[in-house]
Amino acid sequence: MYETADATRGVVSPLVERVHTPCGVCGSSEREPFHAFSDVVRCLDCGVLYVSPRPSSAAIERFYSRAGHYDHWDREPGRKAMWRRRVQRLLRLCSGGRLLDVGTGQGDFGAAAREYFTFEGTEISSEGVRLARERHGLTVYHGDLLDLDLPRGAYDVITLWHVLEHVLEPRKVVERCYALLKPGGIFAVAVPNTDYHLNLSKKLLASTIGFALGRPMFREVGFPRLLLESPEEEIHLTHFTLASLCWLLRSKGFLVCERGLDDYSADNSLRARYEHYKSNLFFQMTGFASSPAIFAAGRKPTP
Ligand SMILES: [Zn+2]
């Protein structure tokens, strides 16, 4: 019990190296704690929430490369339909061509996309690369996008499906993607919606009251500490809103051509489809993103 309380209150696990970093969106080191018992801070310059200190790059790569890391995805058969919906969304923005998917995981998106695109992917997880190649025969480059030797101005589309929140320096990734795209190319990004997750403020309040009463409940609030223990743990290093995501794209030269919700659910039941339709309608009417994930696409200007 004592060890659990310590872990949730911020004692650093000796198994995970952690490093302080500046804001990955604007580069500023000016920050303030977002919550006393999480490792999330708020950038005082651009306002984005990010994790600092965060697990080191080596610790994160080891975490993603563990055998069986992707097993839990295989237990969600609805993911195939989710990937097909995303491919159709891209096809409303472009008509095919050469596509690079950054952080392609075990290659399920590539398997759906290659019917319409010439597909290439990048992945830092050796386990993901192995699965994508063995299961789908995909072209996947092993390594960090920022380190790989990829052709500039060569791609029609670059996608990051729930990847930008995981990377160490989002602004450098966006810059790199801009350089790799052809003029007129599409940059499509989906990330979790911090506006939605901050609606968990009731939980935060309940947790704070619980803490005051001596009950360590902080794993229950919106931003738990990154412990890198469970394969299903999400290593989110930057917490975007639709506004901060679009700002980042514009600041790196993209013309934002679509902003909205990301239909990320693997649940294909009528009820889940209706819920997404309802959230989408609400977004169209109010501009407020009330669902757990958001989407933005930018076009690289033509000269
Ligand atoms: Zn910032």
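Coordinate-derived values only; no laboratory data. Note that the coordinates shown come from a computational prediction; the quantities given were computed from them, not determined experimentally. Here Cβ is always computed from backbone atoms with ideal geometry, including for glycine, and neighbour counts include all displayed protein chains.
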Review point. Of LYS252/LYS300; LYS80/LYS278; LYS80/LYS300; LYS80/LYS172, which ones are farther than 19 Å apart at the Cα?
Key: LYS80/LYS278; LYS80/LYS300; LYS80/LYS172
Check your understanding: Among 250-261, 163-174, how do they line up from the highest to the lowest mean number of other beta-carbon atoms within 10 Å?
Key -> 163-174, 250-261
Exercise for review: List the aspartates and glutamates whose Cα lies under 14 Å from the Cα of LYS182, skipping any in the same chain that are fewer than 8 positions away.
Suggested key: ASP156
Point to revise | Segments 53-60, 109-116, 121-128, 273-280 sorted - mean Cβ within 10 Å per residue, highest first | key: 121-128, 109-116, 53-60, 273-280
